[in-house]
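Contents: one structure, followed by commentary.
The values are calculated or read from the model by the stated rules, or taken from the named source; none is laboratory data. Treat the numbers as computed from the prediction; the structure is a model and nothing was measured. Using ideal geometry, Cβ is built from the backbone for each residue, glycine included, and neighbour counts are taken over all protein chains shown. Note: areas computed on protein heavy atoms with side chains; ligands, DNA, RNA excluded. Shrake-Rupley method; radii C 1.70, N 1.55, O 1.52, S 1.80 Å.
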Amino acid sequence: MDGDSFRTAGTIGSTRLAARAGTPFWRRGLHGSDTAWALAFLVPYAAIFALFVVYPVGYGLWLGHRPSSYEALFADPIYLRTLTNTLIYLAIGVNLHLFGALLLSGFFTRRNWRVRSLLVVFILPWAVPAIPTFIAIHWMLNGEWGLFNNLLYDLFNIDGPSWLNSRWLALGSVIVAYIWKWMPFWTVIFLAGRMAIPQELYESAAVDGAVGVKRFTLITFPLLANLYLICTLLSTIWTLGDFNTVYFVSGGGPSLSTHVLATLGIRDAFEIDNPYLGMAAVMSALPLLVPLVIILMRKLATTRVQL
């Protein structure tokens, strides 16, 4: 090969290297040892994903595909009551704890060291492990020697109700425990959203006379509306699959009257040893869960920063 050929080959090689250098890394092909490193990092994660996500989901879908399971489920009066409990649990629990978190986030925006110290105490219920917390609440609600009834008797000389022996009292106790546990988390989320609002907007609104409730309705809530909607969707999805609160506070009692879909599925699958029926109970939530996930993903994809 003559000198001109060497120069031509070198020029072509340099041009290819320059073109590859100017290409984003995610669009470049793998070369040499890159393939081995990519496989070394990818295979373990792919195996874990297949083992702990793909297989359980696929196995669950297989368990829940029998039409006879749904026929037995829908004919069960416990299921209809459970479905009602789930809707009540979602409607009251999600809305109350999110709206309360939104209001409390305004309180914690105050520039006061006492308020900031109180915030640290306020987030403790969320920070501590859930299961010991709900077990403690269960024992405090004991009708004979629980903490709440002892306080009622010592302070007011009255006998407290049997909190966990009535369907509505037990379900109400579950909802209150759920709100108490998760409200601090969402309060911190909304507090971060409030702190991102420019103070100049509030100062301009104050000049125009928008203070107090007007300041909240005209500035704060419109700017936090997208965040509030996304948090509502997320909280609803998480609450629909919440097992710990009901199971450890009321245990689904009395007489299976406070079960939600998540706990009923576990009960059917393990306590009465019918995994097909248990999976059918869990999968019956899909008509509500799937639209929520779709709306959430579309909202996350289309939301723009308003501040």
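Could we say that residue 47 is of a type in the set (Gly, Ala, Ser) and at pLDDT 80 or above here?
Numbers: of a type in the set (Gly, Ala, Ser): yes; at pLDDT 80 or above: yes.
Criteria met by residue 47.
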Review point. Can we say residue 81 is within 27 Å of the chain's Cα centre (by Cα) and of a type outside the set (Phe, Trp, Tyr)?
Key: yes
**Study point:** Number of the condition not met by residue 178 [criteria: (1) over 28 Å from residue 120 (Cβ atoms); (2) modelled with pLDDT of 95 or more; (3) not in a loop (DSSP other than H, G, I, E, B)]
**Key:** (1)
Point to revise | Segments classed as helices (runs of 4 or more DSSP H), wholly inside the stretch 109-162, with at least 3 members that are surrounded by fewer than 16 Cβ atoms within 10 Å (Cβ to Cβ) and free of Cβ contacts under 8 Å to residues at least 60 places away in the same chain | key: 113-122, 130-140, 147-156
Point to revise | Evaluation of residue 181 against (1) charged (D, E, K, R); (2) within 20 Å of the chain's Cα centre (by Cα); (3) open to solvent by 20 Å² or more (accessible area, probe 1.4 Å) (one fails), failing number | key: (3)
Check your understanding: Do you know which residues across the stretch 192-250 are hydroxyl-bearing (Ser, Thr, Tyr) and either in contact (Cβ under 8 Å) with a residue 60 or more places away in the chain or open to solvent by 50 Å² or more (accessible area, probe 1.4 Å) (or both)?
Key -> 204, 217, 220, 228, 232, 235, 236, 239, 245, 247, 250
